[in-house]
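Take a look at the structure set out below.
The values are calculated or read from the model by the stated rules, or taken from the named source; none is laboratory data. For clarity, every value in this text was computed on a predicted model and none was experimentally measured. Counting neighbours? That spans all protein chains shown, and the Cβs are built from the backbone with ideal geometry, glycine included.
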Amino acid sequence: MHPTSSNSANGSTRKSPAGGRVRVIREGVASYLPDIDPEETSEWLDSFDEMLTREGPGRARYLMLRLLERAGERHVAIPALTSTDYVNTIPTENEPWFPGDEEVERRYRAYIRWNAAIMVHRAQRPGIGVGGHISTYASSSALYEVGFNHFFRGKDHPGGGDQIFIQGHASPGVYARAFLEGRLTEDQMDGFRQEYSHGGPGAGLSSYPHPRLMPDFWEFPTVSMGLGPMNAIYQARFNHYLHDRGLKDTSDQHVWAFLGDGEMDEPESRGLIQVAANEGLDNLTFVINCNLQRLDGPVRGNGKIIQELESFFRGAGWNVIKVVWGREWDALLQADRDGALVNLMNTTPDGDYQTYKANDGAYVREHFFGRDPRTKELVKGLSDSEVWNLKRGGHDYRKIYAAYAAAMAHKGQPTVILAKTIKGYGLGKHFEARNATHQMKKMTLDDLKAFRDLQRIPITDAELEANPYLPPYYTPGKDAPEIQYMLDRRRQLGGYLPERRTMSKPLALPGDEAYRSVRKGSGKQPVATTMAFVRLMKELLRDKEIGKRIVPIIPDEARTFGMDSWFPSLKIYNRNGQLYTSVDAELMLAYKESSVGQILHEGINEAGSTSSFTAVGTSYATHGEPMIPLYIFYSMFGFQRTGDGLWAAADQMARGFVLGATAGRTTLTGEGLQHNDGHSLLLASTNPACVAYDPAFSFEIAHIVRDGMRRMYGGGLSQGGYQEALPGTDPESHSAHHEFGGEDIFYYITLYNEPYVQPAEPENLDVQGLLKGIYRYKQGGAGDLRANILVAGVTMPDGLRAQEMLAEEWGVQADVYSVTSWGELRKEALAKEIAKLRHPDQDPGQPYITELLSQAQGPFVAASDWIRAVPDQIRQWVPGEYITLGTDGFGFSDTRPAARRVFNVDAASIVVAALQGLAAQGKIAPATAAEAARRYAIDDVNAAPKAAPGTEGGDA
Ligand SMILES: Cc1ncc(C[n+]2csc(CCOP(=O)(O)OP(=O)(O)O)c2C)c(N)n1
Ligand SMILES: [Mg+2]
């Protein structure tokens, strides 16, 4: 190693060869300040060296840390340390007074602990056996209870209430609290994880926080690990957005996210924490339950998860509060004069901490304190049971309270609280800190008795022995002082939590005028559907009622989609406004950031954009302010990358528009394999809340958007009403309980970048058919030899060309249908089939697609820019010969015509397929199809036509 750098890396200083400047490196951070008084510097260094020799590194470390602390207090800007000792961040003497009655709170917390575990245990009764988790809540009970008793504000609070993201596996504790509060009955508790069979749909309790399944109770779905942290960050940011734009005062609302330490392994959990720091989200607190375990075993057996997370979050710019030790340690730490105990704490790996808690006091004495004679001495006066009773900070009300209070008081940064706990705490020897504890759902009779004793639950041995499958729940009744106290706390804080409310009213939606120009088409000018959509939105953004509620969410692709024109008018939201002069400030379309901006420009960040979509799209419930997200992405990077986030959005009943721009596998062929999307519609079709459309023309977009607005924001229901056949999607059952009405769906609309002339809306357009998924766009001429071309999206021009070629060259008259949604057609048909299966003696009628095509003559050829599985969604209901063409396989870079030839979705290929269909029906000779295939050379990419000049396109 170079001598200079090795010295620097050690933290010493040295004159640079250039002279004059001294290079100081600390923690890899260089400073190039000139040494204006070298003599003074050297005095300081000498005295440091001298002290180090005299007193040793321990003292030197202490003094250095004190100096850093003082420097910080005096606002000397130096790089922060990213990690501190393995002790509580808040010194005991700085803890605030705990305002609650600890004894009373402890008592009902024990009841909650009991009922949570018993609920899961009872769900394992013979004939049910649906499982559940008890160790997660056991470890985090105090973390939640301090929140519920002192911090979390309910919906009736004048500030509007807080948003609490609850760790999914802790749900039993939340139900147990609601049971004590009288919000849930014993019968409902026994319906845990039996959402249909126990008393009918919706009468049981969902396994985890699922708003869709318990729409008056849960607000935020969290159980897919990693989504909670992201969604909480964007919820907090969206709260600011609403406030800054003057739509709602959210200044007194706080977002709390409870997370597992294992959950912090997820890239989603960590990947966006810088957003919270950059935005200065001091309305956000993460509470990470560090029980040192995940599902299979330790989180960081060889390391220390709390230390790791401290550095990580601090480095990202968060305020970090560690709650490591309970009050029992205070005296020991006080007596630890030479830092031996802190040293032990610092150097003991998590795996050992876990093992200690699976043993006993004697074991801890020997294997922890016994490692250093000084610490051994420290606990000499303590009995084994007192050593055992040295608790972890995350179980100590006062320590937790101090941390929460500090988090609420902290300004300018988000806070993370790292609380050390024991997994399975209080559940007894078989559970506490055991590797298998996460999966244990049942307690033995002995476990139950020990647990009862520890929690001091007034239930007798005889009651437990009567039926070990059904140990009784416990509540002292609503008049008991504990319950009165508990209810009073919630009253003071604004009502029960969690609670989901929908206070919104349907919006007054724009009329015909807003949609008119887009329905008129583009005249002679070729225009891509993406542009048509942007144009339509421009009209809607002008609307007095809904304009301000539209929230464009863009992950750095605005220019690609032609939305940069919105920058100067709508502006990009930034809490800090624009503190610089934009390089293009002089231009019409300057990049404009503003604290009242309307656009959420998320950077290259589809995950965060999906979280934004969720927060914005659920504002109608969370905030009682319906907002309309337009989340536009590069379609390949939508469902494929963030499908799980969109699934959670569906659970949370987000409403809004998701736009898969640059859709299709052959449209932006310059971009190649990773960009060419031929399957997002199929992925979208797997999300039951997603209504997906693939429009070909701008007037189709107008009708689709208008109907979407009506169904999602105008209190209307789908015309078909077929969603009720699928569990969890019945619009009637969901909208019935609130005035907002409408359906808990979101729209996915695919948009293309390929320009072609957008025709004016035909007269007598079959709007109902268009919305249901198919209508006849262009009838063929008269003639006996007939075929049917079903095309979608960008393939429409090829379908129309094929219609001409068939007529002119082969004497075949074809009708062209525009299929706006294969998925919606399938849903409708499925609903009919389900009805038929359930009631074979009743006739639900034919599926719409069958009915529509029943009069059609000749074969059906489906062609689109999607893989064949997309049109194959309706195969069994197409009445006749059905040939599907599609873009199966990987996309690649080439011209559009070349790509369409390779995939055989171009006009010539459609013609051949139609002739083949006719041959299969015996209407023409098979040789005719073969002749056509040869004539067009559909197996030869170089025989494909050239792209029309000006419409080649292909990159984005
Ligand atoms: C994305 C995802 N992957 C896996 C799981 C399955 N899972 C449920 S709980 C769990 C362990 C959780 O550990 P931790 O976050 O430490 O929570 P604890 O129960 O210890 O509080 C796992 C892996 C999940 N729910 N979500
Ligand atoms: Mg854990």
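Below are the figures for this structure:
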{"read-out": "Subset of the range 749-790 [among the aromatic types (F, W, Y) and in contact with an Asp or Glu (Cβ under 9 Å, 6 or more places away or on another chain)]", "value": "Y752, Y775, Y777"}
{"read-out": "Those residues of the range 292-303 which are out of contact with any Leu (no Cβ under 7 Å at 6 or more places or on another chain) and either away from ligand 2 (no atom under 12 Å from the Cβ) or under 12 Å from Q354 (Cβ atoms) (or both), in sequence order", "value": "L292, Q293, R294, G297, R300, G301, N302, G303"}
{"read-out": "Residue within the range 282-291 that is away from ligand 2 (no atom under 14 Å from the Cβ), assigned to a helix (DSSP H, G or I) and closer than 27 Å to R641 by Cβ present", "value": "no"}
{"read-out": "Leading residue by the ranking (farthest from ligand 2 (Cβ to nearest atom)) among those in the range 257-281 that are of a type in the set (G, A, S) and in a helix (DSSP H, G or I)", "value": "A277"}
{"read-out": "Any helices (runs of 4 or more DSSP H) falling wholly within the range 574-654 and containing at least 2 residues that are of a type in the set (D, E)", "value": "639-651"}
{"read-out": "Qualifying residue in the range 277-297 (condition: within 16 Å of ligand 1 (Cβ to nearest atom), in contact with a Cys (Cβ under 6 Å, 6 or more places away or on another chain) and touching a residue at least 40 places away in the same chain (Cβ under 8 Å))", "value": "no"}
{"read-out": "I306 within 12 Å of ligand 2 (Cβ to nearest atom), closer than 23 Å to E95 by Cβ, crowded, with 19+ Cβ neighbours inside 10 Å and assigned by TED's automatic domain parsing to the domain that holds A433", "value": "yes"}
{"read-out": "Matching residues, the range 833-875, being free of Cβ contacts under 8 Å to residues at least 24 places away in the same chain and either of a type in the set (S, T, Y) or not in a loop (DSSP other than H, G, I, E, B) (or both)", "value": "E833, K836, L837, R838, E851, D872, R875"}
{"read-out": "D841 being over 22 Å from L681 (Cα atoms) and not hydrophobic (A, V, I, L, M, F, W, C)", "value": "yes"}
{"read-out": "Residue among I632, I599, I628, I604 that alone is modelled with pLDDT of 95 or more and within 24 Å of H738 (Cα to Cα)", "value": "I628"}
{"read-out": "Members of the range 282-303 that are surrounded by fewer than 24 Cβ atoms within 10 Å (Cβ to Cβ) and hydrophobic (A, V, I, L, M, F, W, C)", "value": "L295"}
{"read-out": "Residue selected from the range 411-428 under the condition of a type in the set (G, A, S) and more than 28 Å from the chain's Cα centre (by Cα), by the criterion farthest from ligand 1 (Cβ to nearest atom)", "value": "G428"}
{"read-out": "Residues within the range 120-162 that are in contact (Cβ under 8 Å) with a residue 40 or more places away in the chain and within 23 Å of A436 (Cα to Cα), tallied", "value": "21"}
{"read-out": "Where K520 falls short, out of the listed (1) buried (at least 18 other Cβ atoms within 10 Å of the Cβ); (2) under 26 Å from D694 (Cα atoms); (3) modelled with pLDDT of 95 or more", "value": "(1)"}
{"read-out": "Complete set of residues in the range 429-455 that are within 16 Å of ligand 1 (Cβ to nearest atom) and either under 15 Å from W388 (Cα atoms) or not hydrophobic (A, V, I, L, M, F, W, C) (or both)", "value": "E432, A433, R434, N435, T437, H438, Q439, K441"}
{"read-out": "Elements of type helices (runs of 4 or more DSSP H) in the range 312-425, at least 3 residues being without any contact (Cβ under 8 Å) to a residue 60 or more places away in the chain", "value": "330-335, 340-347, 350-357, 361-367, 373-378, 384-388"}
{"read-out": "Residue in the range 222-229 that is in a helix (DSSP H, G or I), more than 16 Å from ligand 2 (Cβ to nearest atom) and not assigned by TED's automatic domain parsing to the domain that holds S595 present", "value": "yes"}
{"read-out": "Qualifying residues in the range 196-208 (those that are crowded, with 22+ Cβ neighbours inside 10 Å and out of contact with any helix residue (DSSP H, G or I) (no Cβ under 6 Å at 6 or more places or on another chain)) - the one nearest to Y473 (Cα to Cα)", "value": "G204"}
